[in-house]
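Worksheet: the structure to be examined is printed underneath.
The values are calculated or read from the model by the stated rules, or taken from the named source; none is laboratory data. On a predicted model such as this, the values are computed, not experimentally measured, just so you know. Methodologically, a virtual Cβ is constructed for each residue, glycine included, from the backbone with ideal geometry; neighbour enumeration extends over all protein chains shown. For accessibility, only protein heavy atoms count, side chains too; no ligands or nucleic acids. Shrake-Rupley method; radii C 1.70, N 1.55, O 1.52, S 1.80 Å.
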Amino acid sequence: MSVTVRVPAKVNVQLGVGGLRADGFHDLANVFFAVALGDEVTAEAAEGVSLSCTGPDAASVPLDDSNLAARAARLLAAHHGIEPGVHLHIAKSIPVAGGMAGGSADGAAALVACDALWGLDTPLETLLELAAELGSDVPFALVGGVALGRGRGELLERLPVTGTFHWVFAVADGGLSTPAVFRECDRLREEAGTGSSEADVPTPDADPALLAALAAGDPVALAAALTNDLQAAALSLRPALADTLRAGIEAGAAGALVSGSGPTCAFLAKDADAAAEIAKSLEESGTCRAAQATYGPVPGAQVR
Ligand code: ATP
């Protein structure tokens, strides 16, 4: 018997980063948006926990116990006091270390897949708690849609949204480490003289114009409201991303930003035809490894 779960990647349409807290984390105002570009995780009954992975970035995915899918399987089994027995196969389309929460997505997918395989019927609230233990982006991959994440990103509030938005993602060669991008954000704030601590940086909050654009289903208004406080840091570590952003705008994107901690760049298009055109131009521009048109919002991790 096997269970296959489809899980979305995310783009942050707003990523507000507060000052560095004493515990080493930053307060975030994170508007997560789930897109159809996603991974598939298949769980099959087996002895112990084992993993396999296919896809263009498969070589960069750890197949040991550090993989979030394996950690999710073990955490769910421990919660129920059972021995974990599963082989997890990850069919990976989400770029690795790309700022699209691919590892978190696989963790969420493994929770749902193992829950079904082992016939546990774990309530969603419990799965959300286990997800938050695995990482601050994992709960969103369970719920999908569009949601505001506060704290480290793990306190979720679903947001109203109308219709479908069309996106293009430009994948870069090589990833960026999320902690390194946060460190660079702090360093740039110090260098600019504004300071980087909690006392120096106002607590971020969701932008009302952005929320209104989502609720109205207005891509042009959403494009104008896209913000990412980590973008300057990602560009500082990877200056060539500025060329990618420019190429997408020149190709007709209504808005562009670095996705999360990067280096994937996200472009908002007016409609599906425009998205296909932008993806084609980006591929021809030579400023990215690949470009893919997709859409959202879509639901979170679901049995296929
Ligand atoms: P985020 O946007 O949440 O910061 P990301 O999308 O930039 O994350 P991931 O693809 O989640 O980055 O991978 C970050 C690192 O996590 C990888 O370099 C890899 O070592 C590790 N990792 C653990 N589990 C997985 C997984 N299932 N898929 C990909 N990477 C994983």
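Structure above, values below:
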item	result
So residue 244, is it buried (at least 23 other Cβ atoms within 10 Å of the Cβ) and β-branched (Val, Ile, Thr)	yes
Residue within region 97-116 that is farther than 21 Å from residue 39 by Cα, open to solvent by 10 Å² or more (accessible area, probe 1.4 Å) and over 16 Å from the mean Cα position of the chain (by Cα) present	no
Unmet requirement for residue 196, which otherwise passes all of (1) surrounded by fewer than 19 Cβ atoms within 10 Å (Cβ to Cβ); (2) away from the ligand (no atom under 16 Å from the Cβ); (3) among the polar types (S, T, N, Q)	(1)
Among residues of region 175-195, those that are of a type in the set (Lys, Arg) and within 21 Å of residue 101 (Cα to Cα), counted	1
Residue list for region 112-136, filter: part of a loop (DSSP other than H, G, I, E, B) and closer than 18 Å to residue 62 by Cα	135
Among residues of region 272-304, those that are without any contact (Cβ under 8 Å) to a residue 60 or more places away in the chain and aliphatic (A, V, I, L, M), counted	1
Members of region 36-59 found to be at pLDDT below 95 and surrounded by 15 or more Cβ atoms within 10 Å (Cβ to Cβ), listed by number	57
Candidates 107, 98, 102 - the one that is in contact with an Asp or Glu (Cβ under 7 Å, 6 or more places away or on another chain), at negative phi and not charged (D, E, K, R)	102
Unique residue being modelled with pLDDT of 95 or more, open to solvent by less than 70 Å² (accessible area, probe 1.4 Å) and of a type in the set (A, V, I, L, M, F, W, C) when the list is 224, 232	232
Yes/no for residue 266 being touching a strand residue (DSSP E or B) at 6+ places or on another chain (Cβ under 8 Å), aliphatic (A, V, I, L, M) and within 24 Å of residue 214 (Cα to Cα)	yes
Candidates 240, 223, 232 - the one that is within 26 Å of residue 36 (Cα to Cα), touching a residue at least 40 places away in the same chain (Cβ under 8 Å) and either more than 16 Å from the ligand (Cβ to nearest atom) or within 19 Å of the chain's Cα centre (by Cα) (or both)	223
